[in-house]
Amino acid sequence: MTVKELNSKYAIEGCLSFVESKGGMAIAMLSNDHSFAQVSLYGAHVLTFEPAEQDDVLMMSNKSYFEKGKPMRGGIPLCFPWFGPHATDKALPPHGFARLMDWNVKATAQQPDGATCLVLSLTDNEQTRAMWPHAFECDLTIVAGKTLDMSWSVKNTGSEAFEIASAMHTYFATNDVTQINIKGLEGVTYLDATQQLAPVTEGTAPVVIDREVNRCYMDTTATCEITDPSMDRTIRVAKTGSQSTVVWNPWKEVAKTIADLEDNEYQGFVCLETANVHRNKVTVAPGAEHAMSLSISTL
Ligand code: TA6
């Protein structure tokens, strides 16, 4: 659908409209008394979330590609149906194909509480079946109000069970990542991706970022809080349907190897990802559905 068609079918006067951005991508602009958010239909990718009179909660890299066929760096990329490199075929895109597909608009609505709702969907097609031979339907509901709420359902519309890994790979903005701390993961065992996924059990102190951190915290449904004295704010991340929480910051050396990240931009974000990965992958039976949700608030 063109931006003109999207606007005539789904725009909501004063609250939701579509614009064309760099790379020919359609962007939904959600705007109300509580917040402003931008969502790219390419990837169903939330790019910004600015609660009223606050800085953006999300970080987008200045070097992000806005090019179909490439993922965007920052915001909330969706990883699905695998996480990280594909298990057997390195030619397939890392983190799956969801972030590389054009999603369709299914519905828009303005809620009584003043929040704005956008529902996007992705179903299997020739391209997805060439990479992953399953029939599915994903719906992503995004509600921007005082909080940013996202609910992502994956339905198995085929006749055989499939297994999925998934993540909302959220890049949270910070002025200085070395000053933040993350509460909620105390005592949780993580697989350390900087140490060939060796299991390590977190201590009693909050997590700090003082080196490359690439950890998949397993079997945890806990709400986490990122306290950021450099921005005088705390971000709360609550979730359902997710058993893993991934924490990632590439730090100096790895940042230099990432083409679409400026050398110093690692200081400006931490990824805290609502996920189901490794042993927390989910099997979805034919006709069944799995849902994962996320609620981001600022305190
Ligand atoms: O979630 C952490 C991670 O899997 C890291 O290993 C790192 O590669 C990151 O995601 C970013 O992946 P991307 O494919 O977006 O460059």
Only strands (runs of 3 or more DSSP E) wholly contained in region 193-264 count here; list those with 2 or more residues that are β-branched (Val, Ile, Thr).
198-201, 224-228, 233-240, 244-249
Enumerate the pairs (first residue in region 121-147 and closer than 17 Å to residue 170 by Cβ and free of Cβ contacts under 8 Å to residues at least 60 places away in the same chain; second residue anywhere and acidic (Asp, Glu) and surrounded by fewer than 20 Cβ atoms within 10 Å (Cβ to Cβ)) with beta-carbon separation below 9 Å, excluding pairs fewer than 6 apart on the same chain, so at least 6 apart or on different chains.
141/149; 143/149
All conditions in (1) under 20 Å from residue 294 (Cβ atoms); (2) without any contact (Cβ under 8 Å) to a residue 24 or more places away in the chain; (3) in a loop (DSSP other than H, G, I, E, B); (4) not aliphatic (A, V, I, L, M) are true of residue 90 except (1)
Among (1) more than 17 Å from the chain's Cα centre (by Cα); (2) away from the ligand (no atom under 15 Å from the Cβ), the one test that residue 37 misses
(1)
Segments classed as strands (runs of 3 or more DSSP E), wholly inside region 14-84, with at least 1 members that are more than 27 Å from residue 297 (Cβ to Cβ)
16-21, 25-31
Return the only residue of 130, 115, 135, 144 being under 18 Å from residue 31 (Cβ atoms), out of contact with any Leu (no Cβ under 8 Å at 6 or more places or on another chain) and among the small types (Gly, Ala, Ser).
115
For region 200-217, which positions are surrounded by 11 or more Cβ atoms within 10 Å (Cβ to Cβ), more than 14 Å from the ligand (Cβ to nearest atom) and closer than 15 Å to residue 245 by Cβ?
200, 202, 206, 207
Filtering region 156-192 down to residues that are in a loop (DSSP other than H, G, I, E, B) and within 30 Å of residue 128 (Cα to Cα) yields 157, 158, 159, 160, 161, 165, 169, 170
Filter region 265-279 down to residues that are over 13 Å from the mean Cα position of the chain (by Cα), more than 9 Å from the ligand (Cβ to nearest atom) and either more than 22 Å from residue 70 (Cβ to Cβ) or assigned to a loop (DSSP other than H, G, I, E, B) (or both), then give me how many there are.
3
Has region 49-56 got at least one residue that is in contact (Cβ under 8 Å) with a residue 12 or more places away in the chain, closer than 22 Å to residue 245 by Cβ, buried (at least 21 other Cβ atoms within 10 Å of the Cβ) and within 15 Å of the ligand (Cβ to nearest atom)?
no
Within region 71-108, take every residue that is within 10 Å of the ligand (Cβ to nearest atom) and under 21 Å from residue 263 (Cα atoms) and give me the one that is surrounded by the most Cβ atoms within 10 Å (Cβ to Cβ).
74
Residue in region 129-144 that is basic (Lys, Arg), within 19 Å of the chain's Cα centre (by Cα) and closer than 30 Å to residue 108 by Cα present:
no
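Computed from the coordinates by the stated procedures, all read-outs in this text should not be read as laboratory data. Just so you know, these numbers come straight off a predicted model, no measurement behind them. All Cβ positions, even for glycine, are placed from backbone atoms using ideal geometry, and neighbour counts span all protein chains on display.
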